[in-house]
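First the structure, in the form of structure tokens, and then the observations on it.
Computed from the coordinates by the stated procedures, all read-outs in this text should not be read as laboratory data. Remember, it's a predicted structure, so these values are computed and weren't measured experimentally. No Cβ is skipped: glycine too gets one built from the backbone with ideal geometry, and neighbour counts run over all protein chains shown.
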Amino acid sequence: MSSVPIKLSSVAKTFGEGTRALKTLDLEIAAGETLVLLGPSGCGKTTLLRIIAGLEAPDAGGRVLFGGEDVTALPIERRNVGMVFQSYALFPNMSVAENIGYGLRIRGDAEMHPKVEQLMSLVQLEGYGTRRVDQLSGGQRQRVALARALAVRPRALLLDEPLTALDAKLREQLRADIDRLLRSLAITAVYVTHDQSEAMALGDRVAVMEAGQIVQIGTPREIYYRPRTAFVADFIGTMNRMRLNGGAAESLFRPEDTRIVPPAEAQFSGKVVSVFFLGDHTRLMVDCGSSQLLTVETADRREFAVGEVLHLRVAPESVVSL
């Protein structure tokens, strides 16, 4: 399956009533890369995806390029992109095979039937070809939507919150399947989500968006361990804030970097307020006398009790500087 690099130059979006949905930005996505657009509702991530797709036009001066070709003026049907939506957008009166092969049939593809069979195998729907889509589970419908988007061999795959409507267990399973699929196809993909776990699991890079702009872009590890702004630090995972070693400024550090140590090694101590056993680790809410409770995550298998005093330490290399 072919894939192309995507480049956005001076792209912004202002809607008719003067609402600025996207501030001017530049963005480059490598061929075969999965870029995740991550941020809260209303931050502009879906607007940015729709501009890449050709469903929205950027403000004057903005350009969208696929592999060096300027596609800014081209509508979605001429950009050769595949789109997967949260709502599936399937044809209810068609079977699974008919839905997957719809784009191929429109193009008069003589090899439609073997391609559809191959795609059903790719998304683990062998034997489902004759079923109506209203007989499928939510996860199966999303697999059909994925296969249909891939059927026309798009230059890029664009996914807009595709897992939001699914329950937690199914979402995790399908997330792993999408990751496997994207890696095996090496297709350029742009994935929109507000779910940080999805972003960290799927993205080669993650672009964190706030108020219509990209505030940081990097690998999941860079975003998590080296956030550049307080917004990114708070949006990705959990971040503790506390003055360490009598410092005037607050230090930022992750719950899993807060170690339980003997009293002689402690930088500070606190009393356990809540205990949440989560199987592979325990999350503790600890009152250290500051305005907010400290979150501590530990793989220690012992039981913790509310009211217990813990002695804590944070390694200097684990402290985030902003």
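For segment 148-164, the Karplus equation 6.51 cos²θ - 1.76 cosθ + 1.60, evaluated at θ = phi - 60°, returns couplings of 5, 5, 8, 4, 8, 6, x, 6, 8, 10, 10, 10, 10, 6, x, 10, 4 Hz by residue, with Gly and Pro reported as x. Which option, [x] -0.52, -1.25; [y] -0.43, -1.39; [z] -0.58, -1.24, is the value of log10 I(q)/I(0) by the Debye sum over Cα atoms at q = 0.09, 0.16 Å⁻¹ that was calculated from these coordinates? Answer label, from the structure shown: [z].
Estimated from helical segments only, the mean residue ellipticity of the chain at 222 nm is -7000 deg cm²/dmol, where each DSSP H run of four or more residues counts as -39500 (n - 2.57). Of the residues VAL232, THR193, LEU158, the one whose Cα sits farthest towards the positive end of the charge dipole of segment 139-242 is LEU158 (charges of +1 on Lys and Arg Cβ, -1 on Asp and Glu Cβ, taken about the Cα centre). Specify whether the C-alpha gyration tensor of segment 238-318 places it in the rounded, prolate or oblate class, a ≥ b ≥ c being the square roots of the eigenvalues: rounded for a/c under 1.5, otherwise prolate if a/b is larger than b/c and oblate if not. In terms of gyration-tensor shape, prolate.
Which shape class, rounded, prolate or oblate, goes with segment 8-67 when its Cα gyration tensor gives a ≥ b ≥ c as root eigenvalues, a/c under 1.5 marks rounded, and past that a/b bigger than b/c marks prolate?
Working: a/c = 2.09, a/b = 1.32, b/c = 1.58.
Oblate shape, in that a/c is at least 1.5 and b/c is the bigger or equal ratio.
Considering only GLY82, ILE29, GLY139, the residue lying farthest towards the positive end of the dipole of the chain is GLY82, judged by Cα position with unit charges set on Cβ. Kindly identify segment 127-207 as rounded, prolate or oblate by the Cα gyration tensor criterion: order the square roots of the eigenvalues as a ≥ b ≥ c, call it rounded if a/c is under 1.5, otherwise compare a/b with b/c, prolate if a/b is larger, else oblate. It comes out oblate by the Cα gyration axes. Between ARG20 and SER184, the modelled label-to-label distance comes to 4.5 nm, taking each label 7 Å out from Cα in the direction of the beta carbon. Between ASP59 and ALA89, the simple label model (points 7 Å from Cα in the Cβ direction) yields a spacing of 2.6 nm. Between 0 and 90 degrees, the angle of helix 168-185 with respect to the longest Cα principal axis of the chain falls at about 60 degrees. If only the Cβ of Lys and Arg carry +1 and only the Cβ of Asp and Glu carry -1, the dipole of the chain around its Cα centre is close to 380 debye. In terms of the mean number of neighbouring beta-carbon atoms within 10 Å, the peptides 147-158, 163-174 order highest first as 147-158, 163-174.
When the charge dipole of the chain is built from unit charges on Cβ atoms (+1 for Lys and Arg, -1 for Asp and Glu) and taken about the Cα centre, the candidate among GLN213, GLY62, LEU284 whose Cα reaches farthest toward its positive end is GLY62.
Label separation (ARG132 vs LYS169): 2.8 nm, computed from points 7 Å beyond Cα along the C-beta direction.
Note on segment 163-249: Rg/Rh from Cα positions, Kirkwood definition for Rh, rounded to two decimals, is 1.06.
Say the cut-off is 32 Å between C-alpha atoms; which of LYS115/LYS169; LYS7/LYS115; LYS7/LYS169 go over it? As for pairs spanning more than 32 Å Cα to Cα, those are LYS7/LYS169. Taking every DSSP beta bridge that has both ends in the chain, the antiparallel portion is near 70%.
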